[in-house]
Structure formats: C-alpha cells, structure tokens
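See below for the structure under consideration.
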Amino acid sequence: MKKIFIIVLILITGITSCTESETDGTQQIDSIPVVKIDTIAPVAIDTTPIQKKVSTLQYTAEDATHLLLFEKFSLGISYDQLKDKLPAVKPLHAEDFNEQLGKKGLQESLQDISFLKYKGKLEFNFKNDTLVRYSIVFNESNDTKGYALYEKILNYYSDQLGSYQLVNIEEDNHYAQTNMWYLNPDYLVAVYNLNTGNITIAAQTYKPGQ
C-alpha cells in the first residue's frame, strides 16, 4: 500500500511539473526561418519634357534683303518706282517672252541671283505697269535636303510674321505644299514642289489659289 502511494505521488508531481512548464510565461522561439522579400526601389522616371531642337535658316546679308523684299517696297508700284528702289533690276519684256501676253499688258523682269547658297531666279511680274507679284525660285533636287530647307524657311517667316496658313490647291495637292502669310493687303507665299524640287518664295496682290 505504501508503494502504491509513493507511485501516485511521483505521478502527480510529474504532471504538475509539466503543467507549470507550459504556463510559466516563457514564449517559444519559432525556429521557422523568415523569408525576406527583396523590395527593389522603383526606377525614377524623368518627366522633364524633351526640348526639340528647331533648325534655323542660315543666310547672308544679301539673302536677308531678298527674304524681306516686301519690306523694301510695296506691291502696286510702277516699273520706274521699282527701279528707284532696286537700281539693278533688269529691263521689262513680255511675260514668258510671249508677245501676245505683252500686248495684254503682262510683262516681267528676270534676273539671276545667289540665294541661300543656291543659284536662283528673281522675277517681277507687272500688269499694265503695276507690280502684282515678285518671286524667288531655286532648286534642291535632294528630297530630304529640300524639305528640311523648306521647313527652315517656314520657321524663319513664322518668327517674322506669325503662324502660316496651309493653302489647299487641288491640282497641286499631290506635288506641292503651299503656305502663306497675310501681309495686309498682300500675301506672302512659300511653295515646295515635291515633284521638281523647286522652292518658291513670292509676294503677290492676290490670294493663293484664286
């Protein structure tokens, strides 16, 4: 009987020891390794707008005079008045050397000029001895160079006169690009002919396309 009592006492003591060890407030350390997620910093996006380089027209003092002839004299003047302004202007002849046109009062003056490093033609058109148009025509046979030069000319005049207006001329739509500025009362016109490579700058008394 005494042995049984001792065994029961030992069992009770053991159970009590286990219970106390589970509730002694000691936290068990979790031995499972924690996997850290690699948080890569986001790439900073540069939101600064890219500045587009605008090509500028390169020209000499003589070129500048030709580019701004409409400031030197007004359309509507006579041949003699034009000669006072431009003593080097060539004599008049019938337009396109066609005497029938000459009899209708259509005459022109033509001369060779150097313009923007190109060989060009300066032409003055008269109707009944009244200047109705002048034009500078030169040629760039390379399409890429021609279009780039035409854009520089548009930029130049836009700086001088403000934004240009696109002119839609049906018969030339597939071959030429025409833009204009209103000079009040006259018009300044810039034309690039994609087919021939000719670039024309003209001032005239009538609206392009009419």
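The values are calculated or read from the model by the stated rules, or taken from the named source; none is laboratory data. Small disclaimer: the values here were computed from a predicted structure and weren't measured. Accessible surface is based on the protein model in full, side chains and every heavy atom, while ligands, DNA and RNA are left aside. Shrake-Rupley method; radii C 1.70, N 1.55, O 1.52, S 1.80 Å.
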Most to least accessible of 134, 187 (protein chains only, probe 1.4 Å): 187, 134
Accessible area per residue in Å² at 1.4 Å probe, computed on segment 61-204: 56 Å²
Area accessible to solvent at residue 163, 1.4 Å probe radius, in Å²: 110 Å²
Stretchable slack from residue 68 to residue 81, in nm (0.36 nm times residue separation minus alpha-carbon distance): 2.9 nm
